[in-house]
Amino acid sequence: MSQEWIIKSRARECAISGAPFADGAVIYSGLRPGAEGYERVDISEAAWNDAVHDGWISHWRSVYQAPPPPAEEPLKKETVETLLRQYMSKDDYSQVQVIYILAVMLERKRLLIERDVQRRDDGTKIRIYEHRQTGEIFTIPDPELRLDQIGEVQTQVNALLGIPSPPAPGA
């Protein structure tokens, strides 16, 4: 008989009572034969004291440590998208550089897909994006930023998003 080893992490609640484990609580973990090989069982100290331990292959006592909350994504797509939609709905072309950088950020996050680039009669380059989830079309004027302008616009966008600016070189 071959045994496939499956690594199962510690449960967050008692297998007997279903009650969630409190941070710092004593718990018992063990292995016992199950329908598909060995199964890991995690139970509270109170449930362990009342449980029948026949058939257990191994068991151990430990202190439950609650997992840390999931790390926040450094850049929330919804925030960038919401900001882009707000600026586009205002038809305020004084913010064309900010709008363009927000669209590029969403493209990098794979939320917007560039579908076409066109040039108007007046010479303005227009980038046409499709929203991956909704199918909406965004027409974004490309301000054709120079390399020396991007840092300033990025700082402006970071301020709008509440992202702290990196320290100046040599600071």
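The values are calculated or read from the model by the stated rules, or taken from the named source; none is laboratory data. What you see is a predicted model, and the numbers here were worked out from it, not measured in a lab. When we count neighbours, we look across all protein chains shown, and the Cβ atoms used for this are built from the backbone with ideal geometry, even at glycine.
Just one of (1) out of contact with any Lys or Arg (no Cβ under 9 Å at 6 or more places or on another chain); (2) surrounded by fewer than 17 Cβ atoms within 10 Å (Cβ to Cβ); (3) of a type in the set (A, V, I, L, M) trips up residue 128, so point out which.
Going through the list (1) out of contact with any Lys or Arg (no Cβ under 9 Å at 6 or more places or on another chain); (2) surrounded by fewer than 17 Cβ atoms within 10 Å (Cβ to Cβ); (3) of a type in the set (A, V, I, L, M), residue 128 breaks only (1).
When the residues of the range 126-150 are filtered to those that are of a type in the set (Val, Ile, Thr) and in a strand (DSSP E or B), which remaining residue is nearest to residue 114 (Cα to Cα)?
Top of the filtered list is 128.
List the strands (runs of 3 or more DSSP E) inside the range 26-110, counting only whole elements, that have at least 3 residues being crowded, with 17+ Cβ neighbours inside 10 Å.
26-34, 37-44
In the set 111, 145, which member is under 18 Å from residue 159 (Cβ atoms) and not charged (D, E, K, R)?
Result of the check over 111, 145: 145.
Of the residues 142, 148, which is surrounded by 15 or more Cβ atoms within 10 Å (Cβ to Cβ) and either at pLDDT 85 or above or more than 27 Å from the chain's Cα centre (by Cα) (or both)?
142 is the lone residue from the list that is surrounded by 15 or more Cβ atoms within 10 Å (Cβ to Cβ) and either at pLDDT 85 or above or more than 27 Å from the chain's Cα centre (by Cα) (or both).
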